[in-house]
Amino acid sequence: MDPTFDAPGPHAHLTKTAAAAVSASAVGPVDAVLISHDEHADNLDNDGRRFASSAPMIITHPGAARRLGPQARGLDPWQAVQLPTADAKPAVSIQAVPAVHGPADGERDATGNVTCEVIGFVLSGEGIPTVYLSGDNASLAVVADVAKRVSPIDVAVLFIGAARVAAPQGGRALTLTSERAAAAAEVLGAKVVIPAHVDGWAHFTEGITDVVRAFDDAGLAGVLARAPLGEWIIPAV
C-alpha cells in the first residue's frame, strides 16, 4: 500500500528524510497495489508510481484511478473487489472505506474533500485475519463507522505521525495523532495495531516514541505491534 521508493530530498512542498528500508526490487512481484491517494509524494512518489504501474492491478479511489491508468480500479467507499488467489484458494476481498485527510471542519477542495480525496481499505477472506488499513485519515468518526460496519477487526494498520503542513489546514494534523490513534484502536477493538506512516518525512510531527507512550497511557500497550523497518512480523491474532 502507498509505495514510496524515491531517494531522500525535496518532493514539491514535502521533504523526504530517509530512504526506503526495502528497495522496490527486493519486494518482488505483487498481485495488487493499494493506493489511498495519488496526490502526495509521501504516499506515492515517482519510483512508487513505477512500482505500482508494474503490478497487474491498482486499487484506489475513482479520481486516482482516472489518473493512474488502465490497470487502476477506482472504488467508492464500501465498494469491494475480489482478488483471485492461486491454487483455487478463497479470494481476498478488498473493500474501500472512508477517510478524511485532515480536521472535519477543514478547508474543502473542489471535490468536497478535506485536503484531497482519500480512501482506506479492509482486507478479509476465509481463513485470514480481517485487516483495516486506515490510509491518511484523521477522523475518529470515520473509524467508528468502520468499526460499526466491519466487525471484528483483527489487525488495524493506522497511519499516525500527526502529519502537519502550513497550508491548507493551518498546520492542524492531517493524519492521526498518537493519542487519537490510541482512541481509534479502542473504538475498533482491534487485537493488533501496527503503527505506520510515522517516520521518513519532515512533516510528520510525532514518531514511534509518541505512539508507544500514548498507547501505554491508554492501557493499550498490549495490542501495539512495532514492526522494525524492512522486517516481516507475524502478529498473534
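Just so it is clear, none of the values below were taken in a lab; they were calculated from the coordinates. Predicted model only: the values in this text are computed from it and were never measured. Glycine gets a Cβ as well: all are built from the backbone with ideal geometry, and neighbour counts include every protein chain shown.
Work out, step by step, the length gained on full extension between R149 and T17: first 0.36 nm times the residue separation, then minus their alpha carbon distance; give nm to one decimal.
Residue separation times 0.36 nm, minus the Cα-Cα distance, leaves 43.8 nm.
Determine the distance separating the Cα centre of segment 52-123 from the Cα centre of segment 141-211; give it in Å without decimals.
Result: 18 Å between the Cα centres.
Which of the following values of Cα extents along the principal axes in Å was calculated from the structure shown: [x] 48, 36, 34; [y] 60, 48, 41; [z] 46, 39, 35?
Given [x] 48, 36, 34; [y] 60, 48, 41; [z] 46, 39, 35, the calculated one carries the label [z].
For the chain, the longest stretch holding no GluC sites (Glu not before Pro) located in a DSSP loop with at most 10 other Cβ atoms within 10 Å is which?
Within the chain, the longest run free of exposed GluC sites (Glu not before Pro) spans 1-125.
Between A184, A163, A26, which gets the highest mean-square fluctuation from a Gaussian network model of the chain, Cα cutoff 10 Å?
Highest fluctuation among the options: A26.
With unit charges on the beta carbons (Lys and Arg positive, Asp and Glu negative) and the dipole taken about the Cα centre of segment 103-200, which residue among T175, A141, L158 sits farthest to the positive side?
A141
Restricting to DSSP H runs of at least four residues, report the calculated mean residue ellipticity at 222 nm for the chain, -39500 (n - 2.57) per run over all residues, nearest 500 deg cm²/dmol.
-6000 deg cm²/dmol
Of I119, I194, I35, which has the largest mean-square fluctuation in a 10 Å C-alpha GNM of the chain?
In the Gaussian network model the winner is I194.
For the residues T175, T85, what sequence is obtained by ranking on other C-beta atoms within 10 Å, fewest first?
T85, T175
Go ahead and run the numbers for FRET between A221 and A110, Cβ-Cβ distance against an R0 of 35 Å, rounding to 0.05.
0.25
Springs between alpha-carbon atoms under 10 Å, Gaussian network over the chain: tell me which of D216, D105, D42 tops the mean-square fluctuations.
D105
Contact order normalised by length for segment 111-237, with contacts defined as Cα pairs under 8 Å and 6 or more residues apart; what percent is it?
Reported as a whole number, the value is 22 percent.
Given +1 on the Cβ of Lys and Arg, -1 on the Cβ of Asp and Glu, and no further charges, what dipole in debye does the chain carry about its Cα centre, rounded to the nearest 20?
Dipole magnitude for the chain comes out near 280 debye.
By the gyration tensor of its Cα atoms, with a ≥ b ≥ c the square roots of the eigenvalues, what is the shape of segment 1-81: rounded for a/c under 1.5, prolate for a/b over b/c, or oblate?
Oblate shape, in that a/c is at least 1.5 and b/c is the bigger or equal ratio.
Can you list residues whose amide H is under 5 Å from L224's amide H, if they're 5+ apart or on another chain and H is modeled 1.01 Å from N?
For L224, whose amide H was placed from the backbone, the distant partners under 5 Å are V193.
Among the lysines, which fall within straight-line cross-link reach of K148, defined as a Cα-Cα distance under 22 Å, with same-chain neighbours fewer than 8 residues apart omitted?
Qualifying lysines at Cα under 22 Å: K191.
So what is the relative contact order for the chain, in percent, with contacts set as C-alpha pairs under 8 Å and at least six apart?
Once normalised by length, the contact order is 14 percent.
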